[in-house]
Structure formats: structure tokens, C-alpha cells
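Structure first, commentary second.
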Amino acid sequence: MVAAAALFVPRLLDGDDAMPRGGAPSVPAATADTGSCDYAKYEPTYLPWLAKNEAAPPPRRDKEDENAILLWEDDDDASGNPATVELVTELESTAQEVSEEGFPTVAARGQRGYLIWVGDPGVGQLVIVWQENQEPCESYALSLLDQDLHRAAAEAEIEKVLESLKRTR
């Protein structure tokens, strides 16, 4: 289950373990009656474990407090280390919180995003956070957890996932 911390990063979740590492940010609104976010209006067409031209399966959907989570899992991983990709729509912006922390920046959907390793780089979870507007539920966290990838490969893979995000509605 996903847990929240001062720095909402899916699945690992102790903001104190986040480590800077160099690198590059549709717009769901808060649901008026519940105060929680809608699911992201886009999904990746690329996942690291899919064969070339294989379509991404539908995600599992979950809610954690006010945040909406889309989750893709590689259940068939032969190594015993299943990989996951999560796209979290956040009510409160993690991107604003980390913008002054010295994390490397990456281009994320036309915005400035921040590349964050949670845990040890190369074995922990890699997250890109970004904010598209100043409104609630317009901040996102895209994470990749794949212990079969070394640091540089994981960073390349999460950027491919980010670049593949396509609007679904």
C-alpha cells in the first residue's frame, strides 16, 4: 500500500531518505464533493518491461488520502524483483517542496521537474515530480521501482516513460 510522508513519493516514503541526482514536468482537478484528486488524464504508452510495440495494460487505480494513484506492475518478472511504475496526482505539490533542495531538474511535460532517488541510487525508487499549474491536483509524481536496473539505466527508463505519457481523456 502506498504511504504518505512529508515528501509524498509513492511506495517508499520517507522523505528523509531522498537523495539528489541530476536530471528534467492533463490537468485533473480536485473533486468538489470529496476534496480528492481525479486520476491523471494521461497514461504511459511505454513501460520498461514491455516488448517493443506491446501495448501498456490498464493501470490499477487507488486513492491515498487526497491523492489518486495509477499503478502498473510487471508481475511476470523472472528475477523475483517485480518492477512498478506509478503516476500519482497529488493534492499538494511535492515539486514546490523540493524545488529549493538541489535536486537535478528534468523537462517534464513542458515544466521543470525534479529527479529524486528514494533510498540508494541504483537500488531504490526513482521519482520525477512536477507541477503543471498552481491549482490543487495539478502536481504529479511519476515513479519507477526496478531493482534489476542500475542507476543510469533506471534514469533513462523513467525518462522514456515520462516522454510516452499520452492523454487518455
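The values are calculated or read from the model by the stated rules, or taken from the named source; none is laboratory data. Being a predicted model, the structure only gives us computed values, none of them experimental. As a convention, Cβ positions derive from the backbone with ideal geometry for all residues, glycine included, and neighbour counts pool all protein chains shown. Note: accessible area is taken over every heavy atom of the protein model, side chains too, but ligands, DNA and RNA are not part of it. Shrake-Rupley method; radii C 1.70, N 1.55, O 1.52, S 1.80 Å.
On the first, second and third principal axes, largest extent first, how far apart are the outermost C-alpha atoms of region 34-78 in Å?
Principal extents (largest minus smallest coordinate, Cα): 39, 22, 12 Å.
Check cross-link reach from Lys52 to the lysines: straight Cα distance under 22 Å, and skip same-chain residues fewer than eight apart.
Excluding near neighbours in sequence, the set is Lys160, Lys166.
How do Thr84, Thr45 rank by accessible surface area computed with a 1.4 Å probe, from largest to smallest?
Thr45, Thr84
Based on the alpha carbon coordinates of region 92-152, what radius of gyration and maximum Cα-Cα distance (Dmax) apply, in Å?
Calculated on Cα positions, Rg and Dmax stand at 11.9, 37 Å.
Taking only protein heavy atoms and a 1.4 Å probe, what accessible area per residue, in Å², does region 43-169 have with all protein chains in place?
For region 43-169, the per-residue accessible area is 48 Å².
Take each of the peptides 155-164, 57-66, 108-117, average the number of other beta-carbon atoms within 10 Å over its residues, and list them starting from the highest.
On the way: 155-164: 18.6, 57-66: 14.0, 108-117: 21.5.
In descending order of packing, they fall as 108-117, 155-164, 57-66.
Take the Cα atoms of region 57-119, find their three principal axes, and give me the spread along each one in whole Å, biggest first.
39, 27, 24 Å, listed from the longest principal axis down.
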